[in-house]
Amino acid sequence: MGRRKDGQGQFLYAFNLDEVVPPDHLVRQIDGVLDLSWVHKELAPYYSHTGRPSIDPVLMIRMLLVGYVFALRSERRLCSEVQVNLAYRWFCRLSVEDRIPDHSVFSRARRERFRESDALRRVFEGVVAMCVAAGLVSGEAFSVDASLIKADVDKKKRVPGDQPVSWPTAEEASHAVREYLAALDAARGNEESGDVGGDGSSGAGTRRKPPKEVSLIDPQATWVARPGMDPFFAYDANYLIDNKAGIIVDAEGTRANRVVEIAVTQTMMERVGRRFGLWPRRLAGDTAYGAVRLLKWLVDRSITPHIPVWDKSARHDGTFSRADFVFDPERNIYVCPGCTTAVARKITRDLDEDVRDHVRALANTEAFQQSRRERKKIEMRFAHMKRIFKLDRLRLRGLSGARDEVLLTATAQNLRRLVKLLGRSSPPFAAACPA
């Protein structure tokens, strides 16, 4: 029976880090498709030419990807894992003797240089470009959906939305509060100039009425109260996927609001069309996306909406619903199917009701049913996001933090799906880095 000696007194080792990482390890597969050659050139304007050199931004991006791919939900823990895990060190281009950056450097880089340069979106779009080049994106049919992600707050620390709040000064306030107050100031400026948008991009000031509750920790989080569940503060993770292989072609973190969901759908569609030249022939979504504003926007762009129409005109009191009436387009009137007990009955019709009628007719087609089946792929992406990637609760606060986390998670999901579908470590294509 052999016994190993306890002593580890050898001073010199012939050690090759590349040899200890198995060829089928996930980090090798991801490294084979990841292109970060553009980072130094594109981020150079955001760094000073004097002073002590900063931590390499490529190193920080690689470490962040390790954290999200392997569901390491803390940057402090991420640094500890990279310290001892040789495969992570190899992926991050670190030797066994290199020191690991302190966890605090990620916070500053994310809030300053990465957000100013939109570097995380560039990384995400670079991965999508690889998926397109690999033939995993057809551009024929997309699906859109949003999923609630709990905010990192104590819901007891809140005040009613119509109650004035004495916020701390900018020097004493947290980053999330400063971001909220800056969004309020920007919204007031838009209102004074008559430029009031509805895409929720400002985070706080686009509301027409005050929110029900405001978190004192993260004021941009939305108070969500739905039947059958305890209320909580949350953000929305919005995904736009290509139905062929379930690749996420765009992602955006927003406030949890139905109006914002519709507006960000248009933003994501336009961004994918502008960035990758992809305009689908059909878009699938649930009833939340069935507002006539989005339906008309899609029809005007020759995109078939495979979306149930949002309609609250049905009556349950025994009287006729609007659907029971027959519309006469020549006379522009509704014909009552029977008698009414009232002296008169007023039936309203949307200016774009013909669009709604057109979309209603699509619900009986086989193509619509096919889109409903394909839409399950986006639900699976959300299930994986929460179960495998552990993003059932945000770690970062503020709308910018939600956007960063959603983008990084979507990037990690696409990377894992890309290497799984390719089935080999080195792809047979050259993906262009994002412009």
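Residue check: Thr206 meets all listed conditions (1) modelled with pLDDT under 60; (2) over 24 Å from Ala225 (Cβ atoms) but one, namely (2).
Going by the conditions given, is Val196 more than 21 Å from Asn238 (Cβ to Cβ), of a type in the set (A, V, I, L, M) and modelled with pLDDT under 85? So Val196 fits the description; yes.
Restricting attention to the range 153-183 and to residues that are under 23 Å from the mean Cα position of the chain (by Cα) and open to solvent by less than 40 Å² (accessible area, probe 1.4 Å), the residue that is modelled with the lowest pLDDT turns out to be Ala183.
The values are calculated or read from the model by the stated rules, or taken from the named source; none is laboratory data. All values reported here derive from a predicted model rather than from experimental measurement. Cβ atoms come from the backbone with ideal geometry, glycine included; neighbour counts cover every protein chain shown. Protein only, heavy atoms only, side chains kept; ligands, DNA and RNA dropped before computing areas. Shrake-Rupley method; radii C 1.70, N 1.55, O 1.52, S 1.80 Å.
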